[in-house]
Each structure stands twice: as structure tokens, then as C-alpha cells.
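Each value in this text was obtained by applying a stated rule to the coordinates, not by laboratory testing. Computed from a prediction, not measured in an experiment: that's the story for all the values here. Positions of Cβ are backbone-derived with ideal geometry, glycine not excepted, and every protein chain shown enters the neighbour counts.
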Amino acid sequence: EKEKLGDFVFFVTGNRTLSSEPIKIEINNLDSNRLPVGHTCAFLLEIPGTYPDQETFNKKLEKAINDGSDMQIA
């Protein structure tokens with residue numbers, strides 16, 4: 001679980017550790033086929049609010065984090 005939390009923080013912030021800047025969450029009306037998006041410059045997690053249930057949200061977030069796990073910060 002600790003590794004998953006670190007992956008989440010990296011996905012949203014681009015850092016492996018938390019900073020004093022809060023992580024912001026924006027829920028919008030985008031298509032439920034879209035994955036959540038981490039905006040690392042703004043420490044923002046953008047989530048489609050149209051997922052039909054918690055399980056779908058969990059799977060989409062996990063996929064987004066895993067797909068972005070090889071991301072490099074320049």
C-alpha cells in the first residue's frame with residue numbers, strides 16, 4: 001500500500017514525497033471512458049465524475065497511474 005501511495009503522489013505531483021503544497025482534485029463531466037489525469041505542475045488530479053461506480057473509478061485510476069509510471073520529469 002505504501003508503494004501505491006507513492007505512485008499516486010508521483011502521478012499527481014511528479015515527486016516521490018509530499019510537499020507543503022496540497023493536492024487538488026477536480027471532478028468534471030468528461031466521458032467516463034477517459035482516465036483520470038495528473039497535472040504535475042498544478043498538483044491537480046482531474047477525474048471524470050461520470051464513472052458508474054467506485055470499482056470503475058478504482059480501475060481507471062490504477063490504470064492511469066500504471067500507464068504513467070514510466071514518466072520522466074525533465
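Compared with the dominant Cα axis of the chain, that is its longest principal axis, helix 54-67 is turned about 40°. Within the chain, the ratio Rg/Rh, alpha carbon atoms throughout and Rh by Kirkwood, equals 0.96. Using the rule -39500 (n - 2.57) for each DSSP H run of four or more residues, divided by the residues of the chain, the 222 nm mean residue ellipticity is -11000 deg cm²/dmol. Put a plus charge on the Cβ of each Lys and Arg, a minus charge on the Cβ of each Asp and Glu, and nothing anywhere else: the dipole of the chain about its Cα centre is then about 80 debye. If you plug the beta carbon distance of Ser32 and Lys4 into 1/(1 + (r/R0)^6) with R0 = 30 Å, you get a FRET efficiency near 0.85.
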